[in-house]
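Visitor: Handing you this structure, nothing more for now.
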Amino acid sequence: MRRLRATEGLRSLVRETRLEPAQFILPLFVCPGTGVRREIASMPGHCQLSVENIVLEAAQAQFLGLGGVLLFGIPETKDETASGAYSDDGIVQRAVRAIKLGVPGLPVITDVCNCEYTSHGHCGKVVDGEVDNDATLEWLARAAVSHARAGADIVAPSDMMDGRVAAIRQALDANGFQNTPILSYAAKYASVFYGPFREAAESAPQFGDRRSYQMDPANGREALREIELDLEEGADMIMVKPAMPYLDIIRQARDRWEVPIAAYQVSGEFSMIVAAARNGWIDYQRAMLESLTAIRRAGADITITYFAKEAAALIKPPQSSRGAAGPRIPGAVN
Ligand code: PBG
């Protein structure tokens with residue numbers, strides 16, 4: 001076996017898995033105000049950004065050749081009815097319009113959920129201390145339609161309510177957005193690795209936890225049922241989240257379905273690598289690339305990752321397209 005490992009040239013020749021910037025999606029946190037760039041303590045290098053700074057970030061994402069951005073919102077105020085999630089003037093809706101104006105070619109995905117917008121921090125409507133499934137569907141459908149109206153290219157529900165994909169599909173179709181695809185967070189686990197995100201999005205639940213709607217980390221077959229149901233309901237793409245602790249789920253989904261599969265390398269996965277690297281315990285760049293390669297090897301087509309910009313720059317230093325000489329026809333005069 002060692003013959004083909006002898007030089008970097010040979011290793012590159014027989015490499016099975018390669019990374020491309022276009023496979024990466026960069027998550028962004030948009031907040032009210034102007035000129036805001038507030039660093040998130042538990043996610044070094046990532047910030048809550050006001051709308052005009054989000055546009056700058058989106059422009060960089062496009063320059064680096066990323067596949068797109070995924071938007072999360074921190075609203076001015078939170079309430080019992082998550083009104084900021086589905087208002088046409090909500091923070092995410094404003095950010096989508098601004099990106100579409102400033103960086104029109106970049107795909108914009110919106111996270112459709114309520115936990116950043118509810119005063120209690122749960123992903124749905126709380127009735128008698130419980131998250132009410134069907135009442136929440138209405139909020140989600142309204143949010144998805146308002147994101148599409150603002151110009152979102154893809155809507156991505158992350159709430160884990162039952163039946164949300166069907167409800168969102170129906171609402172999009174009824175409002176003239178038949179062509180807006182749904183990327184469903186189909187297999188989303190109740191994971192401890194979301195910790196840093198909850199600081200970033202100010203979305204930690206004020207009581208209890210999310211285990212009555214997000215999946216038990218112990219269950220694999222149940223993930224396949226979740227994915228199957230979401231596809232039946234009309235999901236165009238599915239997601240497994242988190243990524244590295246759930247590579248087995250990504251692989252099983254890959255073997256079973258032909259739809260595009262996304263994996264979310266979540267905040268805790270990112271922060272652990274950064275923390276270990278800061279302590280000098282691990283090589284930062286290699287850990288980043290090895291983790292992304294493993295997720296892709298497991299079967300993900302798309303990886304949502306906080307490393308998106310750095311990994312893209314490492315893989316493929318951006319080239320200016322302006323003035324680049326294109327290929328010439330061999331033998332042609334001029
Ligand atoms: C919202 C949502 C969460 C993440 C994405 N969308 C967190 C949660 O369920 O609390 C986590 C992303 C990350 O950790 O990077 N429902």
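The values are calculated or read from the model by the stated rules, or taken from the named source; none is laboratory data. Note that the coordinates shown come from a computational prediction; the quantities given were computed from them, not determined experimentally. Counting neighbours? That spans all protein chains shown, and the Cβs are built from the backbone with ideal geometry, glycine included. Ligands, DNA and RNA are stripped out before the accessible areas are found, and what is left, the full protein with its side chains, is counted by its heavy atoms. Shrake-Rupley method; radii C 1.70, N 1.55, O 1.52, S 1.80 Å.
Visitor: Using the heavy atoms of the protein chains alone and a 1.4 angstrom probe, what is the accessible area of the range 251-300 per residue in square angstrom?
Guide: Per-residue value: 51 Å².
Visitor: While we're on this one: Pull out a ≥ b ≥ c, the square roots of the eigenvalues of the alpha-carbon gyration tensor of the range 17-237, then state rounded if a/c is under 1.5, prolate if not and a/b is larger than b/c, and oblate in the remaining case.
Guide: Taking the square roots of the gyration eigenvalues as a ≥ b ≥ c, the range 17-237 is rounded.
Visitor: Give the residue from GLY121, SER203, LEU101 lying farthest towards the positive end of the charge dipole for the chain; charges sit on Cβ (+1 for Lys and Arg, -1 for Asp and Glu) and the dipole is referred to the Cα centre.
Guide: Checked the options; the winner is LEU101.
Visitor: Could you tell me the relative contact order of the range 17-237? Use alpha-carbon pairs under 8 Å, at least six residues apart, and round to a whole percent.
Guide: That works out to 18 percent.
Visitor: Ok, one more. Enter the accessible area per residue of the range 17-237 (Å², integer; probe 1.4 Å; all protein chains in place).
Guide: 39
Visitor: I need the shape label for the range 1-90. Rule: rounded when a/c is under 1.5, else prolate if a/b > b/c, else oblate, with a, b, c from the alpha carbon gyration tensor.
Guide: prolate
Visitor: How far, in nm, would the chain grow between ASN279 and GLU130 when pulled straight, counting 0.36 nm per residue and subtracting the alpha carbon separation?
Guide: Here the answer is 49.5 nm.
Visitor: How many angstrom lie between the Cα centre of the range 128-202 and the Cα centre of the range 1-72?
Guide: Here the two parts' Cα centres lie 23 Å apart.
Visitor: State the percentage of accessible surface on the range 17-237 attributable to carbon and sulfur atoms; use a 1.4 Å probe and exclude ligands, DNA and RNA.
Guide: Carbon-and-sulfur percentage of accessible area, whole number: 49.
Visitor: In debye, nearest 20: dipole of the range 17-237 around its Cα centre with unit charges on the Cβ of K, R (+) and D, E (-)?
Guide: Dipole magnitude for the range 17-237 comes out near 660 debye.
Visitor: In the chain, how many lysine pairs have Cα atoms under 21 Å apart, counting only pairs 8 or more places apart or on different chains?
Guide: So the count of such lysine pairs works out to 5.
Visitor: Calculate for the chain the 222 nm mean residue ellipticity that helices alone would give, adding -39,500 (n - 2.57) per DSSP H run of length 4 or more and normalising by residue count, nearest 500 deg cm²/dmol.
Guide: Only helices count here, giving -11500 deg cm²/dmol.
Visitor: Rounded to the nearest 0.05, what FRET efficiency do ASP255 and ASN179 give with R0 = 41 Å and r taken as the Cβ-Cβ distance? Could you check?
Guide: That gives a FRET efficiency of 0.90.
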